[in-house]
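The values are calculated or read from the model by the stated rules, or taken from the named source; none is laboratory data. Bear in mind the structure is a predicted one, so any value in this text is a computation, not a measurement. Because the Cβ atoms are built from the backbone with ideal geometry, glycine has one as well, and the counts that use them run over all protein chains shown.
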Amino acid sequence: MKKTHIIILWTLLIGLALQSCNNTTNDPAPTGTTTNANLLNTWKVSQVLEVGADVTTAYTSYRITFAEANGQQTFNLTTRTGTTQTGTWALSTDQTTLTLTLADGTSLTFSGVNISASELKYTSSEAGKTGSVSVNFTLIPA
């Protein structure tokens, strides 16, 4: 009887030892990669059209930097008035909608997003004199 227990114990120990020598890893897949690496840049205004009117000169201070590190997608935005806002960003699966979530929880949604290495385009809904207006942004690397 003792011999049977010893054989079972050795079999279990050898099985555990062999299992721990398995060459495959269970490391999780890398996270935090964006669907479009061209977005990860600092951008400045090239042209801004508000309901067809060129208002680019009002946006000379406007800068936005998109970064991604350790699974965190962050942005730093300098508005046209020079104030700075920070938070996180998310790009839709089809890469046509970009959502910025400010540190205070407020969200900004940009639609019609088009990203290349040399240009970032999107449409934003902004508060105008007569209510919400559509503003088309074309940005270039800063």
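So how many residues does the range 56-72 have that are more than 17 Å from Thr86 (Cα to Cα) and surrounded by 15 or more Cβ atoms within 10 Å (Cβ to Cβ)? Final tally of qualifying residues: 2. If you go through the range 37-62 and keep only what is over 24 Å from Leu91 (Cα atoms), in a strand (DSSP E or B) and either among the aromatic types (Phe, Trp, Tyr) or at pLDDT 95 or above (or both), you end up with just Asp54. Summed over the range 80-99, residues that are closer than 14 Å to Leu40 by Cα and touching a Leu at 6+ places or on another chain (Cβ under 7 Å) total 3.
If the condition is being in a strand (DSSP E or B) and without any contact (Cβ under 8 Å) to a residue 12 or more places away in the chain, then the range 75-87 contributes only Thr84. One residue stands out in the range 35-54 among those that are surrounded by fewer than 17 Cβ atoms within 10 Å (Cβ to Cβ) and aliphatic (A, V, I, L, M): the one that is farthest from the chain's Cα centre (by Cα), namely Ala53. Of all residue pairs spaced 6 or more apart or on separate chains, those with beta-carbon atoms under 6 Å, a first member in the range 54-74 that is touching a residue at least 40 places away in the same chain (Cβ under 8 Å) and a second member that is exposed (fewer than 11 other Cβ atoms within 10 Å of the Cβ) and β-branched (Val, Ile, Thr) are Gly71/Thr31.
Scanning the range 103-135 for residues being among the small types (Gly, Ala, Ser), in a strand (DSSP E or B) and either free of Cβ contacts under 8 Å to residues at least 60 places away in the same chain or more than 20 Å from Ser46 (Cα to Cα) (or both) gives a total of 9.
Here Arg80 clears all of (1) at pLDDT 95 or above; (2) surrounded by 14 or more Cβ atoms within 10 Å (Cβ to Cβ); (3) closer than 18 Å to Pro141 by Cα except the condition numbered (1).
Just one of the listed residues (Gly15, Gly32) is small (Gly, Ala, Ser), over 22 Å from the mean Cα position of the chain (by Cα) and at pLDDT below 55, namely Gly15. Whether a residue is modelled with pLDDT of 95 or more and either touching a helix residue (DSSP H, G or I) at 6+ places or on another chain (Cβ under 6 Å) or surrounded by fewer than 11 Cβ atoms within 10 Å (Cβ to Cβ) (or both) was assessed, and Ala117 passes this test.
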